[in-house]
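Notes for the one structure printed next.
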């Protein structure tokens, strides 16, 4: 097998890096155009959603993954959520802002809670901390307000409120909201994502049942030959 020099390998790696950069640049152009074209449609949809009572609370309640981030107190606050909006930076769509709009409630003074995500070429996406102006005795992020996610959890498994996320810098939850919850809001409202999950589970169960039946029938066939 012919040997290849380290210099030649470096050239190949540089070529791959250049192609990756060109692909990333092309994806950025596509994302800009997509956001430009879709924004007026999302605005039209936004107006329609505002005509549906408790639309956004239902979206979060139905979402297949969000249950792990919410406790019962979080759910009580989210009942006051009247609007959710994602705004992408027109020049760099990897930067975006999520705005949660709430009606008057007993928990905080803010009309809007905002989570802004900024993309860095070296560090990737990070979210900016946002301060919630909690009303006296209503701070769900204080230690005394922690609640367990499920009745079977142990005391040491107590989780922070979803609203503690606003004070942190983690962007993964923001990505899920911007890339799934927001664009697919109507499907989540209808519970279609929940139905998809149950359909997958039923398929798995049916396959397991068929496998068990095949295993049961196999010995019968063998015994019949005797």
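What follows is calculated from the coordinates using simple rules that are stated; it is not laboratory data. This one's a predicted model, so the numbers in the text were calculated from it and none came from an experiment. Here the Cβ positions follow ideal geometry from the backbone for every residue, glycine too, while neighbour counts run over all protein chains shown.
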Worksheet item: Using only the Cα atoms, what convex hull volume per residue in Å³ does segment 1-140 have?
Response: 187 Å³
Discussion item. Let's test the formula: R0 of 30 Å, r as the Cβ-Cβ distance of residue 111 and residue 24. What FRET efficiency results, to the nearest 0.05?
Written reply: 0.20
Worksheet item: Among 139, 123, which comes first, second and so on when ranked by fewest other beta-carbon atoms within 10 Å?
Response: 123, 139
Fill in: Label point distance in nm, residue 45-residue 92, each placed 7 Å from Cα along Cα→Cβ
2.6 nm
Worksheet item: Sorted by mean Cβ packing within 10 Å, highest first, what order do the peptides 48-56, 62-70 take?
Response: 62-70, 48-56
Practice prompt. Bin all alpha-carbon pair distances of segment 1-73 at 5 Å intervals from 0 and give each bin's fraction as a whole percent.
Written response: 3, 11, 9, 10, 10, 11, 10, 8, 7, 7, 6, 4, 3, 1, 0
